[in-house]
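What follows is a short report on a single structure.
FYI, it's all coordinate maths here, none of it is from the lab. Just so you know, these numbers come straight off a predicted model, no measurement behind them. Positions of Cβ are generated from backbone atoms using ideal geometry, with glycine treated the same way; all protein chains shown enter the neighbour counts.
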Amino acid sequence: MDWTAPPQALIKDRAALRRHLLAERERWAGGMASDAGWQAVQEAMAGHLRQVLLMLEPQLLGVYWPIRSEFNAAVALKADNECARLPLALPWARRTPREMEYRRWQGDAPTLLDECGIPSVAGAAVVPDVLLVPCVGYHPQGFRLGYGGGYFDRWLARHPHVTAVGIAWSGSEVAFEPEAHDLPLMLVVTERGVVSPGS
C-alpha cells in the first residue's frame with residue numbers, strides 16, 4: 001500500500017501538510033498491520049537502524065516512546081543483542097515553559113506521562129550524545145517535519161554537538177520549504193534504507 005503524495009498546495013502550508021502526512025501514515029500503517037508485509041517492514045527498519053547505531057557507537061542514546069503509528073525503535077533495539085546493551089534516555093516535555101529534557105531510562109514500559117501526555121519516566125536528567133528523532137515527514141536534504149510543538153528543534157539548537165538521526169517511514173519524504181529554525185538531521189533511517197543528506 002503506497003502513500004498518497006500531498007497536493008502541491010499543501011507543501012507550503014506546514015499545518016495542512018502535517019495533517020495530510022499523519023492521515024496517510026495512519027491509513028498506510030492500518031492497512032499494513034493486517035498484511036504479512038508489516039513484519040518485514042518493521043524488520044527492515046530495525047536492520048537499517050542497527051547498522052547506523054553500530055557505526056555511531058552512542059554512549060547514551062536518546063530514544064522516544066512511539067505514538068500515532070511511529071516505528072517503535074525502543075522495542076526493536078531491545079530485541080537486538082548488541083543494541084539492547086545501549087544506555088537509553090527518554091524525553092520529558094513541559095508545556096510552560098515549552099521545553100524538553102531527557103531522562104535516564106532502563107527500557108521498561110514508561111509509567112508516567114509528561115505534560116504533553118506522552119509516556120515518559122522519572123529518571124535523572126541527562127544529555128544523550130546520539131538522538132533518535134521521530135519524523136512526521138522529512139526533506140531529502142535531512143530537514144524534519146515534526147508535530148509542530150518545536151520541542152526537538154529547541155533541544156537540538158541548545159545541544160549542537162549531539163548527533164540527530166531521524167526515524168521516518170519512506171512514504172513521508174516531501175520536498176517542503178525549510179524554515180530558518182530548521183536544522184538538518186545527520187541521517188534519516190527509513191524502512192527502505194538510510195538517507196544521507198548531501199551525499
Trypsin sites (Lys or Arg not before Pro) lying in DSSP loop within region 49-149, provided at most 16 other Cβ fall within 10 Å: ARG68, ARG95, ARG98
Which whole number of Å³ per residue matches the convex hull of the alpha-carbon atoms in the chain? 123 Å³
Neighbour-count order for MET45, MET186, MET55, fewest beta carbons within 10 angstrom listed first: MET55, MET186, MET45
Report, for the chain, the % of DSSP beta bridges that are antiparallel, rounded to 5. 55 percent
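Counting only C-alpha contacts under 8 Å and six or more residues apart, can you give the relative contact order of the chain as a whole percent? Walk me through the numbers on the way to the answer.
On the way: 350 pairs, mean separation 41.6, N = 199.
Value for the chain: 21 percent.
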May I ask you to derive the relative contact order of region 132-191, considering only C-alpha pairs under 8 Å and at least 6 residues apart, and to give it as an integer percent? 45 percent
With at most 15 neighbouring Cβ atoms within 10 Å, loop GluC sites (Glu not before Pro) (DSSP) excluded, longest segment of the chain: 1-81
Please list, in chain and number order, the residues 5+ apart from GLU173 or on another chain whose amide H is under 5 Å from its amide H, with Hs placed from the backbone. TYR138
